[in-house]
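Notes follow once the structure below has been shown.
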Amino acid sequence: MTSFKEYRVPIFNLIKNCYIRTCQDLLSLGDEDANQLSVDLKKLFFMYNKKQYNQLKNIHESIYKLTWNKLLKQGGWEHICLRESFIMGQLAGITYWYTQNDFIKTLEICDQSFIMGAPKELLLPIMDELSIKLQQQQQQQQQQQQQQTKETKETTTIPMILDENVNFSKFPTINKDHEIKIIECKNNSDGNYLNEFSIFKNQHLDTMTPCIIKGDANNWECINKWKDLNYFLSNYGNRIVPIELGHNKLDSKTKKSTSTSTTTTTSIDWSEKLMKLKDFIEEYMIPSSKDNDSTNTESSKVAYLAQHGLIEQLPSLLNDFKFPLFLQTTGDAKVHETEEEGISPHIWLGTGNTITPLHFDSYDNFLTQIVGYKYVRLYPQDQISNLYLKKEGGDDENVYKNSKTAQNNISFVDFEDPDFEKYPLLNIANQHYTECLLGPGDILFMPSGYFHYVRSLSTSLSLSFWFIKK
């Protein structure tokens with residue numbers, strides 16, 4: 001196992017190469033907090049240079065408080081030097097808590113830094129090593145407890161979804177004239193899927209036409225393994241993740257906003273919070289799994305771990321699934337995400353009634369449903385003028401503004417309940433849409449540029465395999 005001494009060198013090099021320019025940029029802002037950050041960064045460099053790692057705690061806490069308050073007040077960092085200050089402060093905290101052998105605290109800071117954009121090449125090796133250390137500690141504790149009690153306790157299963165609690169009668173009815181074509185992948189081993197792939201390539205990939213692929217993902221280990229919320233609680237419960245709370249208000253015909261504002265397409269119900277995975281599961285996922293009408297979960301009970309690089313953060317999850325067969329022939333998607341190498345799989349884990357407003361992505365995607373059910377509606381790119389999009393910089397800038405894949409072309413129309421008097425061009429668009437219900441094991445191919453609206457009909461977990469064609 002790598003010694004932390006080997007990690008301190010690249011951390012110090014990053015600080016050494018960045019802190020002077022960052023301090024200059026901070027001083028140019030001309031406010032008291034920025035001035036204090038500049039002082040703290042100079043102290044940080046001095047302490048790291050002198051290897052005074054046991055004295056980094058106060059510097060870490062000061063930088064964190066100043067930068068985090070800026071983030072909360074501004075809804076984001078308006079200047080790059082504030083993000084740079086935050087990251088250098090976090091690296092100081094990682095170094096300090098590691099030297100104290102508090103691996104849980106160190107990993108929490110790593111998780112938060114990963115989410116906020118710290119360099120992955122620095123963080124991921126440290127996070128992997130910490131995960132191994134903590135897993136070994138947990139196994140030792142379990143063995144000691146078993147020796148003391150002289151019995152092995154059975155692990156309690158916490159189902160993410162129970163079919164008896166799913167009200168299938170409230171699922172949307174799919175219009176047969178707008179159904180998405182299905183490809184049955186019956187012979188999906190030993191390369192005997194070339195016939196199905198030929199159909200997919202000729203009729204869907206080359207023509208950029210959506211389809212559902214059945215049979216490929218049915219035997220993935222995660223289909224059953226990830227149904228158990230206790231799997232995530234036991235193995236990753238203390239990990240920090242970004243959670244979207246509530247959902248955007250969509251402009252619908254019958255579900256009008258109670259707001260007195262004349263504009264209903266606001267994000268007033270939506271917020272984002274960093275939470276421990278166990279808190280997210282216990283406060284939101286477990287109650288949703290017991291709800292027999294989760295298709296209508298109210299906004300205050302909706303929570304979504306959405307479009308997050310959880311696979312990079314928790315790489316052991318890779319052991320639980322395969323990459324789609326057609327992806328292996330069609331394009332490149334990598335574990336570690338870079339523009340040159342491809343995009344890593346992303347996880348979507350949430351309660352019932354999570355809503356992703358209509359938008360499009362720049363990459364082709366194999367959206368794979370693992371647990372639960374989702375409704376998806378798609379519109380081709382040529383309908384863009386009929387979909388009432390909100391552009392970046394408009395009155396209703398939305399929470400997807402900083403999304404890697406969203407193009408700031410979002411429609412806040414409720415496409416399941418539209419007001420045609422207000423949006424008459426939807427009558428034209430609705431001649432061209434396709435739709436589907438996704439269940440466990442279904443893979444939806446969505447070509448790049450295709451607009452899609454997604455709503456979960458139960459507690460749900462999906463994987464996105466965005467890819468770059470070969």
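The values are calculated or read from the model by the stated rules, or taken from the named source; none is laboratory data. Bear in mind the structure is a predicted one, so any value in this text is a computation, not a measurement. We place every Cβ from the backbone using ideal geometry, glycine too, and count neighbours over all the protein chains shown. Note: areas computed on protein heavy atoms with side chains; ligands, DNA, RNA excluded. Shrake-Rupley method; radii C 1.70, N 1.55, O 1.52, S 1.80 Å.
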ARG8 accessible area, assembled protein chains, probe 1.4 Å, Å²: 50 Å²
Charged-residue dipole, Cβ positions (Lys, Arg, Asp, Glu), the chain about Cα centre, Debye nearest 20: 1120 debye
Cα shape, the chain, gyration tensor, a/c 1.5 rule: prolate
Cα→Cβ-extended label distance, 7 Å offset, between ASP31 and ASP320, nm: 4.1 nm
Placed amide H near PHE451: partners under 5 Å, 5+ positions off or other chain: TYR379, GLN381
Cross-link pairs beyond the 32 Å C-alpha cut-off, checked among LYS249/LYS322; LYS273/LYS322; LYS322/LYS374: LYS249/LYS322
Förster-model FRET efficiency, 45 Å R0, LEU162 and ASN54, C-beta, rounded to 0.05: 0.35
The stretch 43-129: C-alpha gyration tensor shape, a/c 1.5 cut-off, then a/b vs b/c: oblate
Acute angle (nearest 10 degrees) that the helix 103-115 long axis makes with the longest principal axis of the chain, alpha-carbon atoms: 50 degrees
Backbone HN-Hα couplings from phi across the stretch 163-179 [Karplus 6.51/-1.76/1.60, Hz, Gly and Pro as x]: 4, 5, 9, 9, 8, 5, 5, 9, 6, x, 8, 7, 6, 4, 6, 10, 5
Rounded if a/c under 1.5, otherwise prolate or oblate - the stretch 191-256, Cα gyration tensor axes: oblate
Positive minus negative residues near SER411 (Lys, Arg vs Asp, Glu; Cβ under 10 Å): -1
Radius 11 Å from Cβ of TYR98, net charge of other residues (Lys, Arg +1; Asp, Glu -1): +2
Farthest toward positive dipole pole in the chain [+1 Lys/Arg, -1 Asp/Glu at C-beta], among ILE213, LEU26, SER3: SER3
Percent carbon-and-sulfur accessible area, the stretch 1-156, ignoring ligands, DNA and RNA, probe 1.4 Å: 45 percent
Highest average packing first - 124-136, 35-47, 358-370, Cβ atoms within 10 Å: 358-370, 35-47, 124-136
Amide H contacts of THR354 (H built 1.01 Å from N, under 5 Å, at least 5 apart or other chain): SER456
Probe 1.4 Å, accessible area per residue of the chain, Å²: 47 Å²
Ordering of 410-418, 85-93 by packing [mean C-beta count within 10 Å, highest first]: 85-93, 410-418
When each of LYS42/LYS70; LYS176/LYS227; LYS105/LYS225; LYS65/LYS278 is checked by Cα-Cα distance, pairs over 22 Å: LYS176/LYS227; LYS105/LYS225; LYS65/LYS278
Proximal charge balance of LEU457 [Cβ under 10 Å; K/R count +1, D/E count -1]: +3
Size of the stretch 268-319 as Cα extents on the principal axes (Å, biggest first): 33, 27, 18
Rounded Å value of the spacing that divides the Cα centres of the stretch 363-381 and the stretch 232-252: 19 Å
Degrees between helix 80-99 axis and first principal axis of the chain (Cα, 0 to 90, nearest 10): 60 degrees
Listed peptides 306-318, 193-205 by packing density, highest first (mean Cβ within 10 Å): 306-318, 193-205
